[in-house]
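Take a look at the structure below.
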Amino acid sequence: MPDAIVLSEFAGIGMPDWVDALIRLVFIVALMTLNTLALIYLERKVLARFQARVGPTRTGPVGILQSAADALKLLTKEDVRPHSADRWVFELAVFFVFVPVFLMFIPIPFTETWFIRDLELGFLYVFAVLGLNIVGVIMAGWGSDNKYALLGGIRAAAQAISYELPMLLAAAGVVMIAAGHLLDAGLVGGALNLNTIVDQQRTTPYILLQPLGFVIFMIGALAEMHRPPFDMPVAESEVVGGYFVEYSGIRWSMFFLAEYTGLFLMVMLGSTVFLGGWNFPFGADAGLGWQIVLTLAKASAMIFVLFWLRAMFPRLRIDQLMAFSWKVLLPFALLQVLANGIILAYGGPDWVVGLVSLALLVSLVALIYVLVRAKAGGDSIHLEPARPRLVTSTEVASGD
Amino acid sequence: MSDVGFHLAFWSLSALTIGGALMIIVSRNLIHAVIFLILSFIGVAGLFITLSADFLALVQILVYVGAIAVLMLFAILLTPRAARDNEESLMRYPAMILMGLVIAAGVFVALETDWGPMREGAIGTQAKIIGESLINQYVLPFEIGAVMLTAALVGAIALARQDDEDLPIHTASLIEEGVLPPPDGDAADAPAGPGDDS
Amino acid sequence: MDVIDLEYALIIPELVLASFATLIVAGALIFRRVPQEVWGYLSAAGLVVLLVLTAVFYINVNDDFANVLAVDNYTVLFRVFFLGIAAFAILAGVQFAGDRLRHHGEFYGLIMFATLGMMLLAASRELITAYLSLELMSFSLYILVGFNKLNPFSNEGSLKYLLLGAFSSALFLYGLSILYGVTGTTTYSAIEPDGIEAGRNIAQQLGNFSAATIDSALPIPGDVRPAIIVALVLIVAGLGFKVSAVPFHQWTPDAYQGAPLPITAFLSAAGKAAAFAFFLRLFSEALLPAAAEWSWLIAVIAALTMITGNLVALRQTNMKRLMAYSSIGQVGYLLIGIVALDAGSLAESQDAATALVLHLLGYVATNVLVFTALIAFYNRTGKDDIVDLRGLAERQPMLALLLSIALFSLAGMPLFAGFATKFVIFQVAASNGHLWLAVIGVTVSFVSLYYYLMVIKQMYLYKPEGDDTGRFSVPAPMMGALAVLTGAVFLVGLYPAPLFKAIDASTAMLFPGL
């Protein structure tokens, strides 16, 4: 694999590695700001078409400047902090949400040579940093001193840690297959390296070998990024906007920036790991232009699917959401890992892996269908909210 | 790796770790303490990276920050009155002196000892080595860990689960233990439990 | 990578126990209509079958699993022992659990998970395995102590046990990590299985260090003595919590009092025995070359434990708390056995190990007898203060007699197990050069006689009081368990030679250089 293009070669000046990496990261940040503006505009347009409306039209030609106008408005708004908020937690929460999202871009390969750093454990790294995000969300919820913000923060965190497990297991399934391929090629290790994973998908993208993994990954990504139908943490009708209800102006827009950037990151990761990134179907010879077009096309297609899902599904209830992760997705993800392990240990060919995963996916869909039917038929399935418990036994015991 | 960068990383990460740890003790607000704990964890993860133990660093962040610290935040947020300050304690100064001595002893030992295995240099790809150990010589400890987590999970659910039949039994057993007064009796002479300070 | 040939045949008892425990938990969850006694008797029967098979198939195997688990006579002795204790605890607890507890499948399953941890703990010869086994045992016990979840005392005891247990585990783990940092290995001692790099283990490294300190002609790589001392202090403190030695004993009375009675029995018998089985293997197989560094430390703790445990027991009014302090006193006697490992020759060290295990087995059998009798009493009355035992001799003469036998044995009266085993341990202490510990031990034994007699006085010299003074009967399975245990107490007291020989053969495995 060729090395990354070093910026100093372009500029003709020498600089240490870390300065080089820093410049790339800043470049990503700038790009992502524009990306966010574009995504918001597109989401409004796409949703409008689904709902037989036209969406923004007034600002600029076909409303294309709408996002820019919104951004300007947000930047000039007053930055309000509630009097009773915990000052440091309130203000730092933004950064705990914002910074990890950008740190996650470090190992993502846009093309064969365009990435910030080639990390040996890149895949694991992305998930590790994803966990940092949760802390920021809880800080925002608690620091606002607002009960809706707190509820939203707790919901977001509960949701994020619940869906991280199936996602990690889906990733583990892919890594197992990549490790198998690498072993066949006489290499050992490197299966957690995102570049290597893309390299392995020259002819067969992993979505064909792990359709169940892909579906679980996408559902997990929706939940991690609080996208509908998993947007309970920010649901206006339930928690009046969730953990950032008290934020305004520039801080609020940073939350939004983090959210859309996270969305883009997740689809980039999905297109890299499951759809073959720049490598499928034209390979490394296709040149830089084709590679970047392929990557972005795959990412855009996935984003379109996510917008579509938003238009299609109503919001879940929080206990349904948790039950879905722990009782449905997690067992299926574990089954997937187990099946992969057994097939690979006995040297089964790729198509067996793919077929078994597809069979699991079909049974997952069938199970969901049965559950929903049972619900619609009025049969009681165990998705009722738990009985509230406000009094603990020790409080009863001490008699107050 | 440039020498300056390494020293810069080491000292700033050490400052983050130790400063975070100190602030945990000094902070009187539990939420703040957990946030400092998270900073300290991140610092430790960074130090692992400077020791070229990158797998360990990522697992540290994934497990300690992503799971344990979040669990602690949850526990604090869901416990009534838990965000209150720590109380004053007379044992503060003896404890401070004791911990000072412990830290001094630890530093002395760490500096004076000849740590033989340290000289053997960094290991290459740890994910591979750890993975191979876990299915080879250390397969048994790995399985014991799995059984331990199963037992803990089963037990936690058994303890935390509230059954519909529990409440009457609960009241009955509390009356039997003398914690609650009998239905017609007086509460005044109910004996206090061992943990009841009042 | 060197692929080791993993001989799973060696750990079949553990594998079977783990599967059996899981099946019991799952079975009780799925077949809710089956009465809970069935699960209890099924578990006990399964444990007994496993015990017999283990005893038949694993004697004199003398092998190891991937160099992390030794399968020798010592392991087999403790496998059989823990399976037996667990069977007794379950048998004694079936009625109790039915009356007062919920989630019976989990209850029996967790007892078996704890037993699994104990069996692995006694067998492990590698630090990580030992630590994880210890945690498996401790986690199961934390939960079991709090299993009477509607009782605030149970919650309190469980929480104290959990917090102090977690703290002690952290200390212990830190000690182990320092030990690893100094020696560069986690394996106890030298055995050469196929495919493992031989020759690097804790005992050998420590032996090199101490040889270099004594004979300065040897090249000493650097000063490691402070680190070894800190590691030993941390390890002893961590293990001290687990065996509840003074000054790490504060959790014991609360946990014992709060726990459901069968669990108190299990905790005080098997929990302690497992910690000592591990203590003995670690300190004889791995740490013996550094004996000069730790023997004084454990000697001080042993003396403190004997004195404090027995003196504080004098003031107790609750039977469970009395037994807690009594067990702390017994831990002091047992620690003498560890101290006595520091002797002139390996043969003398082995004598100390044998004495320790003998006293451990005798004490545990007696203790289980006491608690089984108390459970029989508690099932009828629901009370556990000493004064509640008033007039037991009139209400249930057999129970009073057996309880008295057990208490006399704990006090170390001749005829019973306590005398023979204590005699051996004090004798070893004296002959290995720790006479002062033996003197303290004998003295506090007389003190202990006083509080045991106070209980017997309540049973025999007073009339029954309160509303419930009638005679009552003990169910047959309970009576059978009591009879077997009493037989064991008399057998060890009157004719210990066969047991002594069996233990001697098993402790010989701990001293590979012998």
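The values are calculated or read from the model by the stated rules, or taken from the named source; none is laboratory data. Being a predicted model, the structure only gives us computed values, none of them experimental. Note: ideal-geometry Cβ built from the backbone for every residue, glycine included; neighbour counts use all protein chains shown.
Details
- When region C:110-148 is limited to residues that are touching a strand residue (DSSP E or B) at 6+ places or on another chain (Cβ under 9 Å) and within 7 Å of chain B (Cβ to nearest Cβ), the one that is surrounded by the most Cβ atoms within 10 Å (Cβ to Cβ) turns out to be C:LEU120.
- Taking region C:232-321 as the region of interest, the helices (runs of 4 or more DSSP H) fully inside it that hold 1 or more residues being modelled with pLDDT of 90 or more, crowded, with 24+ Cβ neighbours inside 10 Å and in contact with a strand residue (DSSP E or B) (Cβ under 9 Å, 6 or more places away or on another chain) are C:251-258, C:272-281.
- Residue match in region C:33-40 (condition: crowded, with 18+ Cβ neighbours inside 10 Å, within 19 Å of C:LEU116 (Cα to Cα) and in contact with a strand residue (DSSP E or B) (Cβ under 9 Å, 6 or more places away or on another chain)): no
- Yes/no for C:VAL71 being touching a residue at least 12 places away in the same chain (Cβ under 8 Å), within 14 Å of chain B (Cβ to nearest Cβ), in contact with a strand residue (DSSP E or B) (Cβ under 8 Å, 6 or more places away or on another chain) and surrounded by 14 or more Cβ atoms within 10 Å (Cβ to Cβ): yes
Here is a yes/no grid of residues against (1) at pLDDT below 85; (2) facing chain C (nearest Cβ under 9 Å):
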residue: B:VAL102; (1), (2): no, no
residue: B:ALA105; (1), (2): no, yes
residue: B:ALA122; (1), (2): yes, no
residue: B:GLY131; (1), (2): yes, no
residue: B:LEU134; (1), (2): no, no
residue: B:PHE142; (1), (2): no, yes
residue: B:VAL147; (1), (2): no, yes
residue: B:ILE157; (1), (2): no, yes
residue: B:ARG161; (1), (2): yes, yes
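To keep it simple, each residue is scored yes or no on (1) touching a residue at least 24 places away in the same chain (Cβ under 8 Å); (2) of a type in the set (Phe, Trp, Tyr).
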site	(1), (2)
C:LYS383	no, no
C:ILE405	yes, no
C:PHE408	yes, yes
C:PRO414	yes, no
C:PHE419	yes, yes
C:LYS422	yes, no
C:VAL444	yes, no
C:SER448	yes, no
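- The criterion of being of a type in the set (Val, Ile, Thr), more than 24 Å from the chain's Cα centre (by Cα) and at the interface with chain B (Cβ under 10 Å from one of its Cβ atoms) holds for C:ILE4.
- Index of the failed condition, A:TRP252 passing every other in (1) hydrophobic (A, V, I, L, M, F, W, C); (2) under 13 Å from the mean Cα position of the chain (by Cα); (3) farther than 19 Å from A:THR203 by Cα: (2)
- Applying the set (1) within 23 Å of C:ALA324 (Cα to Cα); (2) among the aliphatic types (A, V, I, L, M); (3) surrounded by 22 or more Cβ atoms within 10 Å (Cβ to Cβ) to C:LEU159 leaves exactly one unmet item: (3).
- Selection from region B:100-116 of residues that are in contact with a helix residue (DSSP H, G or I) (Cβ under 6 Å, 6 or more places away or on another chain) and either of a type in the set (Val, Ile, Thr) or part of a helix (DSSP H, G or I) (or both): B:VAL109, B:GLU112, B:THR113
- Residue within region A:18-38 that is assigned to a loop (DSSP other than H, G, I, E, B) and either at pLDDT below 80 or more than 22 Å from the chain's Cα centre (by Cα) (or both) present: no
- Considering residues of region C:430-488 that are of a type in the set (Asp, Glu) and closer than 12 Å to C:ARG390 by Cα only, the residue surrounded by the fewest Cβ atoms within 10 Å (Cβ to Cβ): C:GLU465
- C:THR115 falls short on exactly one of the conditions (1) under 26 Å from C:GLY480 (Cβ atoms); (2) polar (S, T, N, Q); (3) not in a helix (DSSP H, G or I), and that condition is (3).
- Contact annotation: residue pairs with Cβ atoms under 8 Å, 6 or more positions apart or on different chains, pairing a residue in region B:127-154 that is touching a residue at least 24 places away in the same chain (Cβ under 8 Å) with a partner that is assigned to a helix (DSSP H, G or I), are B:ALA127/A:LEU124; B:ALA127/B:PHE55; B:ILE130/B:PHE55.
- Residues in region A:170-191 that are in a helix (DSSP H, G or I) and either within 15 Å of A:GLY354 (Cβ to Cβ) or away from chain B (no Cβ under 13 Å) (or both): A:ALA170, A:GLY173, A:VAL174, A:MET176, A:ILE177, A:ALA178, A:GLY180, A:HIS181, A:ASP184.
- Note on region C:174-191: among residues that are more than 9 Å from every other protein chain (Cβ to nearest Cβ) and out of contact with any Asp or Glu (no Cβ under 9 Å at 6 or more places or on another chain), the one that is farthest from B:VAL109 (Cα to Cα) is C:ALA190.
- Take the conditions (1) outside any helix (DSSP H, G or I); (2) closer than 30 Å to A:LEU344 by Cβ; A:LEU269 misses just one of them, which is (1).
For (1) surrounded by fewer than 24 Cβ atoms within 10 Å (Cβ to Cβ); (2) not in a helix (DSSP H, G or I), each residue gets a yes or a no:
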site	(1), (2)
A:ARG202	yes, yes
A:LEU212	no, no
A:MET218	yes, no
A:LEU222	yes, no
A:ARG227	yes, yes
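- Any hit, region C:16-33, residues being among the hydroxyl-bearing types (Ser, Thr, Tyr) and more than 14 Å from chain B (Cβ to nearest Cβ): no
- Scan of region A:266-295 for residues that are over 14 Å from A:GLU112 (Cβ atoms) and buried (at least 16 other Cβ atoms within 10 Å of the Cβ), ordered by number: A:MET266, A:VAL267, A:MET268, A:LEU269, A:GLY270, A:SER271, A:VAL273, A:PHE274, A:LEU275
- Pairs meeting the criteria (first residue in region A:66-80 and within 15 Å of A:THR36 (Cβ to Cβ) and free of Cβ contacts under 8 Å to residues at least 24 places away in the same chain, second residue among the polar types (S, T, N, Q) and surrounded by 14 or more Cβ atoms within 10 Å (Cβ to Cβ), beta carbons under 7 Å, at least 6 apart or on different chains) are A:ALA69/A:THR59.
- Qualifying residues in region C:333-361 (those that are in contact (Cβ under 8 Å) with a residue 24 or more places away in the chain and of a type in the set (S, T, N, Q)) - the one surrounded by the fewest Cβ atoms within 10 Å (Cβ to Cβ): C:GLN350
- Test for C:GLU106: is it within 10 Å of chain B (Cβ to nearest Cβ), out of contact with any Pro (no Cβ under 9 Å at 6 or more places or on another chain) and of a type in the set (D, E, K, R): yes
- Only one entry of C:GLY84, C:GLY40, C:GLY93 meets the criterion of being modelled with pLDDT under 90, away from chain B (no Cβ under 12 Å), touching a Leu at 6+ places or on another chain (Cβ under 8 Å) and within 25 Å of C:ASN148 (Cα to Cα), and that entry is C:GLY93.
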